[in-house]
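What follows is a set of notes on a single structure, which appears directly below.
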Amino acid sequence: MCERTGKVIFLNGTSSSGKTTIAKELQKVFQEPYLHVSLDAFLLQLPETFLMNRERFIQELPLLLAGFHSSCAAIARTGNNIIIDTVLQEQCWVTPCVRAFEDLKVVFVAVRCSIETLESREKARGDRSVGMARYQYDRVHSHGVYDLEVDTSIMSLETCISTILKYVQSEEQPHAFRKLRMASKIREADNS
């Protein structure tokens with residue numbers, strides 16, 4: 001059994017917002033190792049035929065997300081530091097996610113970006129579905145609670161990295177996941 005849990009940095013933002021770039025740069029600046037775990041990479045473990053079947057993919061997505069979040073939490077529980085790169089684009093994805101990390105300290109980071117910059121990046125990359133960033137734009141941050149936020153359309157990469165690094169190395173205790181868990185428990189109590 002591990003004596004300590006790993007540190008968790010959870011990057012949430014739309015497609016093309018810069019999460020992967022931030023994650024890779026963060027790995028370079030920390031003295032201790034951090035695993036970069038991406039939802040995109042996780043889903044690419046599926047067979048291509050499954051990924052091409054949109055209806056079936058959407059049907060199975062809640063189960064896949066539960067597996068992704070639980071596996072990320074398990075990595076941290078064994079003492080590994082982890083940077084998670086994902087898109088919580090639906091409100092119903094938030095509660096199961098924060099519950100998976102219940103006993104862990106998670107620094108929840110909003111990776112924001114203007115819609116104009118997102119759409120420009122999306123077109124330039126060529127490996128994204130055009131319109132995905134716009135679809136996710138109003139959804140991904142709808143839960144409204146973070147420990148800190150960066151905006152890649154107005155902040156340099158260096159500023160984004162230093163903002164996150166400063167928070168992680170501070171004595172400040174992350175609170176966003178705890179608040180989101182409490183809010184979900186209150187909603188459940190009200191509905192019962």
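The values are calculated or read from the model by the stated rules, or taken from the named source; none is laboratory data. What you see is a predicted model; the values in this text were computed from it and never measured. When we count neighbours, we look across all protein chains shown, and the Cβ atoms used for this are built from the backbone with ideal geometry, even at glycine.
Couple of notes before you dig in:
- Taken over the stretch 80-110, residues that are under 9 Å from the mean Cα position of the chain (by Cα) and either in a strand (DSSP E or B) or under 22 Å from Ser170 (Cβ atoms) (or both) amount to 7.
Residue-by-condition table, conditions (1) in contact with a Leu (Cβ under 8 Å, 6 or more places away or on another chain); (2) of a type in the set (D, E, K, R); (3) modelled with pLDDT of 95 or more:
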site: Glu25; (1), (2), (3): yes, yes, yes
site: Glu48; (1), (2), (3): no, yes, no
site: Arg54; (1), (2), (3): no, yes, no
site: Ile58; (1), (2), (3): no, no, no
site: Ala66; (1), (2), (3): no, no, no
site: Ala73; (1), (2), (3): yes, no, yes
site: Asn80; (1), (2), (3): yes, no, yes
site: Gln89; (1), (2), (3): no, no, no
site: Thr95; (1), (2), (3): yes, no, no
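- Tabulated pairs, the stretch 92-107, first over 20 Å from Val150 (Cβ atoms), second among the β-branched types (Val, Ile, Thr), C-beta under 7 angstrom, 6+ apart or interchain: Phe101/Val8; Leu104/Thr5; Leu104/Val8
- Extreme residue, surrounded by the fewest Cβ atoms within 10 Å (Cβ to Cβ), among residues of the stretch 11-41 that are out of contact with any strand residue (DSSP E or B) (no Cβ under 9 Å at 6 or more places or on another chain) and farther than 18 Å from Ala133 by Cα: Gln31
- Scanning the stretch 1-34 for residues that are within 26 Å of His143 (Cα to Cα), among the hydrophobic types (A, V, I, L, M, F, W, C) and more than 11 Å from the chain's Cα centre (by Cα) turns up Ile22, Leu26.
- Residues satisfying the stated conditions in the stretch 150-192, i.e. closer than 20 Å to Ala23 by Cβ, surrounded by fewer than 17 Cβ atoms within 10 Å (Cβ to Cβ) and acidic (Asp, Glu): Glu158
- Tyr137 closer than 30 Å to Gly79 by Cβ and either touching a residue at least 12 places away in the same chain (Cβ under 8 Å) or not small (Gly, Ala, Ser) (or both): no
- Test result for Val145, among the hydrophobic types (A, V, I, L, M, F, W, C), under 14 Å from Ala110 (Cα atoms), modelled with pLDDT of 90 or more and part of a strand (DSSP E or B): no
- Hey, Ala133 surrounded by 18 or more Cβ atoms within 10 Å (Cβ to Cβ), more than 19 Å from Val37 (Cα to Cα) and at pLDDT below 90 or not: yes
- Checked against (1) of a type outside the set (A, V, I, L, M); (2) more than 25 Å from Phe68 (Cα to Cα); (3) assigned to a helix (DSSP H, G or I), Lys185 meets all criteria but (2).
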